[in-house]
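Accompanying notes for the structure given below.
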Amino acid sequence: MERAYDTEHEGVRYLDGSSLKRPSRPTGPALAFIGIVVAAGIVLGGLFVNTTVIEPLRASEDASSAVARNLAKEPSIASLPKLAEMATLSNDEIKKAFDDAGYTYIAQSEEGDSDLTLYKLPADTSSAAASLMYLKGFSALNAGEASKLMNGGWLFSADRTTNSMVVRYADFASGSVEAAVRSAITAQGFEADSVTDTGTDEAGNTFTEGEVSVEGTDYVWKVSGIQLSSVYDIAGLPETSCYIGIRLTKAA
């Protein structure tokens, strides 16, 4: 190929550089290939954004909606058993009282006069689904599952060795531990003038305790509460959620 010279200076001939100044534009197959690469980049970018941004955001919104729906239902405190009314009952009598009230529960122990432990399920939760969640353990549940199983549910136990009964539950509505403790005291019907002590125990629980007489026998009651996050590490539940325990023990 003959080279094109267009300039000569002092005996030196220079090549024609005009072709280098012309704009270079891909055509034909090259242009098609570039189009494919750009389109692929757009698709992959969209998938990346959908996977890393949109889907997690949608999942978060769905989880928040599930928690909100579950917490809008009847709270646990609405169906709590009054321990003073259970104090003199046997295990079979307690279960009958719960059956008569229409409660569905998971019984962990129920033989004769041994200790009794059962978990009362929320009214709108099937026993099959709830049993699976309960067996996993609350710490293994996500916020949607935990709020579904906790709100409206409670754990009851009777210790025949120490002559005590206790019911534990999550309070999502009171807004503070102090308010949740007061609500529990009111729900149990414990009188203000029966209070003997109040404060914070060695475990960090806010508590109030007092005395009550049941059929001529003296009992000590104690209501204690703490932030739910101190008991179960479940992300997505309200920060103000509380865990409440109500105990009734036969006086020595």
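Would you please list the contacts, defined by Cβ atoms under 8 Å and residues six or more apart or on different chains, that run from a residue in the range 135-153 that is under 17 Å from F172 (Cα atoms) to a residue that is crowded, with 22+ Cβ neighbours inside 10 Å and of a type in the set (G, A, S)?
Pairs found: F138/A146; M150/S76; M150/A170; N151/S76; N151/A170; G152/S76; G153/S76.
So G152 fits all but one of (1) at positive phi; (2) more than 18 Å from the chain's Cα centre (by Cα); (3) open to solvent by less than 70 Å² (accessible area, probe 1.4 Å); what number is the exception?
Unmet for G152, out of (1) at positive phi; (2) more than 18 Å from the chain's Cα centre (by Cα); (3) open to solvent by less than 70 Å² (accessible area, probe 1.4 Å): (2).
Go through the residues of the range 180-196 one by one and say whether even a single one is farther than 20 Å from K82 by Cβ and in contact (Cβ under 8 Å) with a residue 12 or more places away in the chain.
Taking the range 180-196 and keeping what is farther than 20 Å from K82 by Cβ, we get none.
Scanning the range 180-196, I find no residue that is farther than 20 Å from K82 by Cβ and in contact (Cβ under 8 Å) with a residue 12 or more places away in the chain, so the answer is no.
If you take the residues in the range 86-99 that are open to solvent by 60 Å² or more (accessible area, probe 1.4 Å) and free of Cβ contacts under 8 Å to residues at least 12 places away in the same chain, which one is farthest from E215 (Cα to Cα)?
Looking only at the range 86-99, we keep the residues that are open to solvent by 60 Å² or more (accessible area, probe 1.4 Å), and these are 88, 92-93, 96, 99.
Checking the rest, the ones that are also free of Cβ contacts under 8 Å to residues at least 12 places away in the same chain come to 92-93, 96, 99.
Numbers: D92: 20, E93: 17, K96: 21, D99: 24 Å.
Among them, the one singled out is D99.
Quick check on this structure: which one of S65, S76 is of a type in the set (S, T, Y), within 25 Å of E145 (Cβ to Cβ) and surrounded by fewer than 16 Cβ atoms within 10 Å (Cβ to Cβ)?
None of the other options fit; the residue is S65.
Scan the range 163-186 and give yes if some residue there is part of a loop (DSSP other than H, G, I, E, B), at pLDDT 95 or above, in contact with a Ser or Thr (Cβ under 8 Å, 6 or more places away or on another chain) and open to solvent by less than 10 Å² (accessible area, probe 1.4 Å), otherwise no.
For the range 163-186, residues part of a loop (DSSP other than H, G, I, E, B), at pLDDT 95 or above, in contact with a Ser or Thr (Cβ under 8 Å, 6 or more places away or on another chain) and open to solvent by less than 10 Å² (accessible area, probe 1.4 Å): absent.
Scan Y243, Y219 and give me the residue that is over 30 Å from N142 (Cβ atoms), touching a Lys or Arg at 6+ places or on another chain (Cβ under 8 Å), touching a residue at least 40 places away in the same chain (Cβ under 8 Å) and not in a helix (DSSP H, G or I).
Details: Y243 fails: over 30 Å from N142 (Cβ atoms).
The conditions single out Y219.
When the residues of the range 202-252 are narrowed to those that are aromatic (F, W, Y) and touching a strand residue (DSSP E or B) at 6+ places or on another chain (Cβ under 6 Å), which ends up surrounded by the most Cβ atoms within 10 Å (Cβ to Cβ)? Write out each step before concluding.
Initially, the range 202-252 is screened for residues aromatic (F, W, Y), giving 207, 219, 221, 232, 243.
Now narrow it down to the ones that are touching a strand residue (DSSP E or B) at 6+ places or on another chain (Cβ under 6 Å): 207, 219, 221, 243.
Values: F207: 19, Y219: 20, W221: 23, Y243: 21.
Restricting to residues being aromatic (F, W, Y) and touching a strand residue (DSSP E or B) at 6+ places or on another chain (Cβ under 6 Å), the top hit is W221.
The values are calculated or read from the model by the stated rules, or taken from the named source; none is laboratory data. None of these values were measured; they are calculated from a predicted model. We place every Cβ from the backbone using ideal geometry, glycine too, and count neighbours over all the protein chains shown. These accessible areas exclude ligands, DNA and RNA; they are computed on the full protein's heavy atoms, side chains included. Shrake-Rupley method; radii C 1.70, N 1.55, O 1.52, S 1.80 Å.
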